[in-house]
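These notes concern the structure reproduced below.
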Amino acid sequence: MNFQQLVAMIPVLDQIGLSRANQTLEAVEHRHVLIIVLSGHLTITASDGDPAVVTQGYACHPLHGPFTLQVPKTKEAEYMVITYRVFPDNSAWTLQGPLRTLSEVKIKYMLDELVRTTDEIHTHSAEEEAAQQFRKRLILERMLFIFLYETHMTQEETASGVSIEESLSYMNEHYMLKLSLPMLAARAGMSEGHYTVLFKRHTGMTMTQYLRRLRIDKAKQMFQQTGLTAKEVSQRVGFADYFHFSRIFKQEAGCSPTAYQRSLQ
């Protein structure tokens, strides 16, 4: 599902209802359902998919129905079921599956407005009826936009977190090689600026600081486990210049490499 689809189509509300019970939503052609969890959680199972634990939202597409909605046996849950159509009817509307949002308060406020507009505001003319329908459509479109945008955003963050973890794994295995920010960012499929921000958010350090500390930790291990000289260790952990290694080691460990070796003896 993408925003090109939302731009080209018009979602129109059919009905909205509150539920606290288990139910099965049958697949009806051209009828889509948006589930919004207000409290607790649900387990939703599509006819062609695995069960999904839903704490915020879920989009039901008729091609994947029917859908089984189950409330936990030992807990309560409250959720809203919004049925809507998309015009034109033959539109390639593909929204399906779990949805995420960082704006739960905003979503619940719009739900209240949608219910109030549907149940409490009475129209007395065709013009008022049209205005009410248009208002409901705008609210529904706004809710769909929030779910689309923030689901995409959280998916990107998850993917970025995985990329940084893979980058850290690579650094831990290849710390002895010449590693650079441009090379690591390219491996992660990111710009250098984006990689730098995510790396520091994930580790609390810059890439250079992390690599420096990693190499010194590896040097300490070699001193503890081997009889190599300080110069040999410096080369094995990725330092071409021994004096640079000695200076960085003292900054990180609080003493020179040779003093560290003597302390082990």
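Nothing in this text is a laboratory measurement; each read-out follows from the coordinates by a stated rule. Because the structure is a prediction, the values reported are computed rather than measured. Every residue, glycine among them, receives a Cβ derived from its backbone with ideal geometry; neighbour counts consider all protein chains shown.
Of all the options Thr226, Thr208, Thr94, the one that moves most in a Gaussian network model of the chain with Cα springs shorter than 10 angstrom is Thr226.
Over all other residues within a Cβ to Cβ distance under 15 Å of Ala92, the charged ones net out to -1, with Lys and Arg as +1 and Asp and Glu as -1. For the range 178-265, what percent of Cα pairs sit more than 23 Å apart? Roughly 33 percent, rounded to a whole number. Summing +1 for each Lys or Arg and -1 for each Asp or Glu among the other residues whose beta-carbon sits under 9 angstrom from that of Arg20 gives -2.
Note that the range 39-45 has calculated 3J(HN,Hα) couplings of 7, x, 8, 10, 10, 10, 10 Hz, one per residue in order, obtained from phi through the Karplus relation 6.51 cos²θ - 1.76 cosθ + 1.60 (θ = phi - 60°); glycine and proline are x. Within the range 3-156, the ratio Rg/Rh, alpha carbon atoms throughout and Rh by Kirkwood, equals 0.96. Per residue, the chain reaches -17000 deg cm²/dmol at 222 nm when only DSSP H runs of four or more residues are counted, each adding -39500 (n - 2.57).
Would you mind counting up the charge near Gly65? Only other residues with Cβ under 13 Å from its Cβ, with Lys and Arg at +1 and Asp and Glu at -1. It works out to a net charge of -2.
Only Cα pairs within less than 10 Å get springs; with that Gaussian network setup on the chain, which residue of Gln56, Gln235, Gln225 has the largest fluctuation? Checking each option, the largest mean-square fluctuation is seen for Gln225. Applying the criteria of a DSSP loop state and at most 11 other Cβ atoms within 10 Å to the GluC sites (Glu not before Pro) of the range 49-107 yields Glu76. Pairs of Lys residues in the chain that lie 8 or more places apart, or on two chains, and have C-alpha atoms under 20 angstrom apart add up to 10. Principal-axis analysis of the Cα atoms of the chain puts helix 242-253 at an angle of about 60° to the longest axis.
Dividing the alpha-carbon radius of gyration of the chain by the rule-of-thumb value 2.2 N^0.38 Å gives 1.54. Helix 104-119 and the longest principal axis of the Cα set of the chain meet at an angle near 0°.
For the range 178-184, 3J(HN,Hα) computed residue by residue from phi via the Karplus equation (6.51, -1.76, 1.60; θ = phi - 60°) reads 7, 9, 10, 4, x, 5, 5 Hz, glycine and proline entered as x.
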